[in-house]
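Undergrad: I'd like to ask you about the structure that follows.
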Amino acid sequence: ASVSAFASFEKQMAMVSTMLDKATMKYMPEFTEGIKKMSIEFGKSTEGLAGGLYAILSAMIKPAKAMDVLRTSAIAAVAGMTDTTTAAKAIVNVLNSYQMAADQAGKVSDVLFTIVKRGKLTFAELAPNLGKIAALAATAGLIFEQTGAAIATMTRAGLQADRATTGLRSIIKAFLKAP
């Protein structure tokens, strides 16, 4: 089993390396050691953490900031009872949509938890639905906290997360088209 886990981790790290260029390949040893340490610290699999790192790097987060965002994602995953990749994708989706710096990942994570706490949904339900709304809401000038408050309110009123984000998307589109 441990040989299989090691092989899987090596495969994941090979995928991570595809997100780096010649100049940033120097981060690979740091990534490998950091993931091993986080696995012990957070009780998450190395493969899952590597998958989260891949998602972070593929979202164009600079390699120098990637481990900080991964740490925030791992904390979010533990607290939100989800996997690191799901948490990482949610966080980087918001960072990119709202053109926020990587050092804002903790703030984004806090808002995500507030949405879950105030709404009637889980982190795992919220995360994949953010892609439907975040970029459009940012374009419309809504701050992320406003977008989150709308999602929380709509789910608390009984809508499922996917319907709430689709409905909110339609509302924003209608306002953007209005003369």
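Undergrad: Could you list, ordered by first residue, the pairs with Cβ atoms under 7 Å in which the first is in segment 56-69 and among the small types (Gly, Ala, Ser) and the second is part of a helix (DSSP H, G or I) and crowded, with 24+ Cβ neighbours inside 10 Å, at least 6 apart or interchain?
TA: The qualifying pairs are ALA59/VAL92; ALA66/LEU53; ALA66/ILE56; ALA66/LEU57.
Undergrad: I'd like the full set of residues that are of a type in the set (Gly, Ala, Ser) and either buried (at least 20 other Cβ atoms within 10 Å of the Cβ) or touching a helix residue (DSSP H, G or I) at 6+ places or on another chain (Cβ under 6 Å) (or both), limited to segment 137-157.
TA: Within segment 137-157, ALA137, ALA138, ALA140, GLY148, ALA150, ALA152 meet the criteria.
Undergrad: Which numbered condition in (1) open to solvent by 30 Å² or more (accessible area, probe 1.4 Å); (2) in a helix (DSSP H, G or I) is the only one that LEU95 fails?
TA: (1)
Undergrad: Okay, moving on. Does at least one position in segment 2-22 carry a residue that is of a type in the set (A, V, I, L, M, F, W, C), over 15 Å from ASP83 (Cα atoms), modelled with pLDDT of 95 or more and assigned to a loop (DSSP other than H, G, I, E, B)?
TA: yes
Undergrad: What number of residues within segment 107-135 are open to solvent by 30 Å² or more (accessible area, probe 1.4 Å) and either in a helix (DSSP H, G or I) or at pLDDT below 95 (or both)?
TA: So the count comes out to 14.
Undergrad: Then there's this: Which residue is farthest from ALA55 (Cα to Cα), if the candidates are limited to segment 100-157 and must be in contact (Cβ under 8 Å) with a residue 40 or more places away in the chain and touching a Leu at 6+ places or on another chain (Cβ under 7 Å)?
TA: Within segment 100-157, the match that is farthest from ALA55 (Cα to Cα) is PHE123.
Undergrad: Restricting to segment 158-172, name every residue that is touching a residue at least 24 places away in the same chain (Cβ under 8 Å) and open to solvent by 90 Å² or more (accessible area, probe 1.4 Å).
TA: Residue satisfying the conditions is GLN160 alone.
Undergrad: Taking into account only those residues within segment 43-83 that are modelled with pLDDT of 95 or more and of a type in the set (Val, Ile, Thr), which is surrounded by the fewest Cβ atoms within 10 Å (Cβ to Cβ)?
TA: Looking at residues that are modelled with pLDDT of 95 or more and of a type in the set (Val, Ile, Thr), I get ILE75.
Undergrad: Can you pull out the residues in segment 137-179 that are among the aliphatic types (A, V, I, L, M), assigned to a helix (DSSP H, G or I) and more than 20 Å from LYS107 (Cα to Cα)?
TA: Residues satisfying the conditions are MET154, ALA161, ALA164, LEU168, ILE171, ILE172, ALA174, LEU176.
Undergrad: Another question, if that's okay. In segment 43-63, is there at least one residue being acidic (Asp, Glu), farther than 27 Å from LYS173 by Cβ and in contact with a Ser or Thr (Cβ under 7 Å, 6 or more places away or on another chain)?
TA: Yes, some residue in segment 43-63 is acidic (Asp, Glu), farther than 27 Å from LYS173 by Cβ and in contact with a Ser or Thr (Cβ under 7 Å, 6 or more places away or on another chain).
Undergrad: Pairs only if they're at least six apart or on different chains, beta carbon under 8 angstrom, first in segment 11-33 and closer than 19 Å to GLY48 by Cα, second part of a loop (DSSP other than H, G, I, E, B); list them, first residue then second.
TA: Taking only residues 6 or more apart or on different chains, the pairs are TYR27/LEU20; MET28/LEU20.
The values are calculated or read from the model by the stated rules, or taken from the named source; none is laboratory data. Since the model is a prediction, treat every value here as computed from it, not as a measurement. Here Cβ is always computed from backbone atoms with ideal geometry, including for glycine, and neighbour counts include all displayed protein chains. Heavy atoms of the whole protein, side chains included, go into the accessibility calculation; ligands, DNA and RNA do not. Shrake-Rupley method; radii C 1.70, N 1.55, O 1.52, S 1.80 Å.
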